[in-house]
1. Which value, in debye to the nearest 20, describes the size of the charge dipole of the stretch 82-142 about its Cα centre when Lys and Arg Cβ atoms bear +1, Asp and Glu Cβ atoms bear -1, and nothing else is charged?
2. Order by neighbour count: L34, L53, fewest other Cβ atoms within 10 Å first, most last.
3. With a cap of 14 neighbouring Cβ atoms within 10 Å, and only residues DSSP puts in a loop, list the GluC sites (Glu not before Pro) found in the stretch 96-142.
4. Taking mean projected area of the Cα convex hull in nm² as the quantity of interest, determine which of (i) 10.2; (ii) 13.7; (iii) 9.1 was computed from the displayed structure.
5. Once each part is reduced to its C-alpha centroid, what is the distance from the stretch 98-130 to the stretch 78-96 in angstrom?
6. Label-point separation (nm) for E126 and V40, each offset 7 Å from Cα along Cα-to-Cβ?
Amino acid sequence: MVRLIRPNEYDPETDSGDGFQFTYDAQGRVLTVLSPDGHVLQSNTYDADGRLLQRLDGVGSGVKYEYDLAGAQRRIVSMGGASQELEYDARGRITGIVDGNGSETKYLLDEWGRITGVVKADGSTERYAYNFAGDMVSSTDG
């Protein structure tokens, strides 16, 4: 029998008490997620500034995160060695991602920081348009 347990709706009469467990550090960041049977599903490591350095799943697969001196995330590396480099504009907004093969995806932004286009590694571009309320009203491939 499977029972859904919601943290704010626990009913001792109907709930088995089995559920996911979370452990936290002193700053309230999630360190581990445990399955109902006690297996580690996820573990996280943070630096002294609270930035996520590594996230592993229960079998040791995962990713590492690298940051620049200003604290911006610059690189994501999988345990298998695949990586992505992040590029930013002067306002700190992500404007591009370069994968480990050198393929680059560029993000075109308007003055409000909305993505107006995505230039893919193959040179094709997706365009997005917004109304005055900031809602996306169209998307075109080309």
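Bear in mind that the values in this text are calculations on the coordinates, not laboratory data. Note that the coordinates shown come from a computational prediction; the quantities given were computed from them, not determined experimentally. Methodologically, a virtual Cβ is constructed for each residue, glycine included, from the backbone with ideal geometry; neighbour enumeration extends over all protein chains shown.
1. The dipole magnitude comes to about 140 debye.
2. L53, L34
3. Answer in residue order: E111.
4. (ii)
5. After rounding, the separation between the Cα centres reads 13 Å.
6. Computed distance between label sites E126 and V40 equals 3.6 nm.
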